[in-house]
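All remarks here apply to the structure that follows.
The values are calculated or read from the model by the stated rules, or taken from the named source; none is laboratory data. In this text the structure is predicted, and so the values were computed from the model without any measurement. All Cβ positions, even for glycine, are placed from backbone atoms using ideal geometry, and neighbour counts span all protein chains on display.
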Amino acid sequence: MSPFRARRERLLEAIGPRTAAVFVATANAIRNNDVEHDFRQDSDLFYLTGFDEPDAVVVLTQRAKLKLDDKDVEPRLTMFVRVRDPEREVWDGYRVGVEGAREQFGADLAFPIEELGKRLPELLLGHDALVYRWGNKAFDDKLFVAIQGARRTAGRSGARAPTRMFDPVETLHEQRLRKSEDELAHMRAACAITAEAHAKAMAIAAPGRYEHEIEAVLLETFRRRGAERAAYGSIVGSGPNGTILHYRKNDRRLEDGDLVLIDAGCELAYYASDVTRTFPANGRFTDVQRAAYEVVLEAELAAIELVKPGVTQGQLHQRAVEVLTRGLVKLGALEGDVEGLVKSEAYKPFYMHKTGHWLGMDVHDVGAYFAPKRGDDGVVGDELAQRPLEPGMVITIEPGLYFGIGADKAKPGEKGVKDWSHLRGIGIRIEDDILVTPDGHENLTRAIPKSVAEVEAACRG
Ligand SMILES: [Mn+2]
């Protein structure tokens, strides 16, 4: 339990002595009729406790004083959980229960979830602020009622009660943004499994196979090696499907001459990996596919090359955009001065997304992308600016080029656009997971075939 306790203590220190924090478990969601979606715990709650059951609320307090069985208790961690229920456990499996929350998860106090309404106001007393991510429709009202209850009591007794609420983005999510060695060990392990899955997928893909057969190989690898699940819906897009950014059907038959774009990564111990590779279904790039692939690869490598503390994600995106735009000219899709084409965003019909995102427990991980700008005098001003990378942060780098329906916005003859019909149907993205280190970066997914020669060799199996 010690890393979880250490994280809670760090959070309490960050939020200050008169602030409490409330975290709510993910609710079970119905898929259809009486079948539920697979449960996956809320990342914040898991990060702080390691507890993975639904119907739970975690309250961190520093000034709460409760009288229980004539004893004064000053809890720091209070958990509201499902009670043990042999009848239900026959159907749904073991529950930690109230005693388990104390004994296995280090709760100072634990109560049945049914007692939340009664206990929460007491726990909030003594604090004048609260950290909570509002927007949880099922829980917001309960919390506001509890705050009102605490304020009524406080008004009569001279105690404090919360009058302010803060989103966890400035405290807990800053903590989650910088990965500890424990966390990086999980992320490395997740990346190793994802690496095997991508190599296997390249080896089995062939004209005549279906996208879902390749998806099955990815999932087989994830689960066989102990990953709980895919970190997000696996994309296996062949031919024109590779140009659809969040393609999910995975039901097309691969044809000779197709490219196959796979965006898939496993989640292991609640940590995501997120990798994209693009390869020829028949194992050999055509000349035009190779030329387009080399452009995306050059953009990806150039952006990765820049990653080090102090650089912003905006700068990485800018670098990728420059290389892609130069490449679009070389490929014959655009014409004109590269700098001008970048400025006029002529690349956008072919490259419409950003070059990367935070990666961690959530595939698009928490954490602010912008921070208040510091002037030359060191004073924090009003404006927001892209924040600099720091050691321990993990990002993805994932440039791409897409000549699908989105590209139809690029009309030959307009704004530097040439006839790009020779590229139609090509969709390419290359994505790696990059750890920022004190003196640069480490590519956590470097083991996955990526150069033209490596990819063609992996396709041969
Ligand atoms: Mn990604």
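Yes/no per residue for (1) in contact with a Pro (Cβ under 8 Å, 6 or more places away or on another chain); (2) of a type in the set (D, E, K, R):
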site	(1), (2)
Arg102	no, yes
Ala110	no, no
Asp128	yes, yes
Ala146	yes, no
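So, of the residues in segment 329-345 that are part of a loop (DSSP other than H, G, I, E, B) and free of Cβ contacts under 8 Å to residues at least 24 places away in the same chain, which turns out to be surrounded by the most Cβ atoms within 10 Å (Cβ to Cβ)?
Glu345
Can you name the condition, by its number, that His364 falls short on among (1) within 16 Å of the ligand (Cβ to nearest atom); (2) in contact (Cβ under 8 Å) with a residue 40 or more places away in the chain; (3) not basic (Lys, Arg)?
(2)
Since Lys67 meets every condition but one in (1) crowded, with 18+ Cβ neighbours inside 10 Å; (2) basic (Lys, Arg); (3) modelled with pLDDT under 95, which condition does it not meet?
Evaluating Lys67 over (1) crowded, with 18+ Cβ neighbours inside 10 Å; (2) basic (Lys, Arg); (3) modelled with pLDDT under 95 leaves (1) as the failure.
So for segment 408-415 (the condition being within 16 Å of the ligand (Cβ to nearest atom) and either among the charged types (D, E, K, R) or outside the structural domain of Thr278 (by TED's automatic domain parsing) (or both)), does at least one residue qualify? Step through it out loud before you land on a result.
So the first thing to find is which residues in segment 408-415 are within 16 Å of the ligand (Cβ to nearest atom), and the list is none.
No, segment 408-415 has no match at all.
Yes or no, residue by residue, for (1) assigned to a loop (DSSP other than H, G, I, E, B); (2) within 16 Å of the ligand (Cβ to nearest atom); (3) buried (at least 19 other Cβ atoms within 10 Å of the Cβ):
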{"site": "Val260", "(1), (2), (3)": "no, no, yes"}
{"site": "Gly283", "(1), (2), (3)": "yes, no, no"}
{"site": "Ala299", "(1), (2), (3)": "no, yes, yes"}
{"site": "Ala302", "(1), (2), (3)": "no, no, no"}
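Consider Asp408 against the criteria (1) part of a strand (DSSP E or B); (2) more than 18 Å from Lys308 (Cα to Cα): it satisfies all of them except one. Which criterion is unmet?
Checking Asp408 against (1) part of a strand (DSSP E or B); (2) more than 18 Å from Lys308 (Cα to Cα), the one that fails is (1).
Take Lys373 and decide whether it is under 28 Å from Asp44 (Cβ atoms) and more than 16 Å from the ligand (Cβ to nearest atom).
yes
Hey, can you tell me all the residues within segment 1-35 that are of a type in the set (Asp, Glu) and at pLDDT 95 or above? So that I can check it myself, show each step before the final result.
Initially, segment 1-35 is screened for residues of a type in the set (Asp, Glu), giving 9, 13, 34.
Once the filter is applied, which keeps residues that are of a type in the set (Asp, Glu) and at pLDDT 95 or above, segment 1-35 yields Glu9, Glu13.
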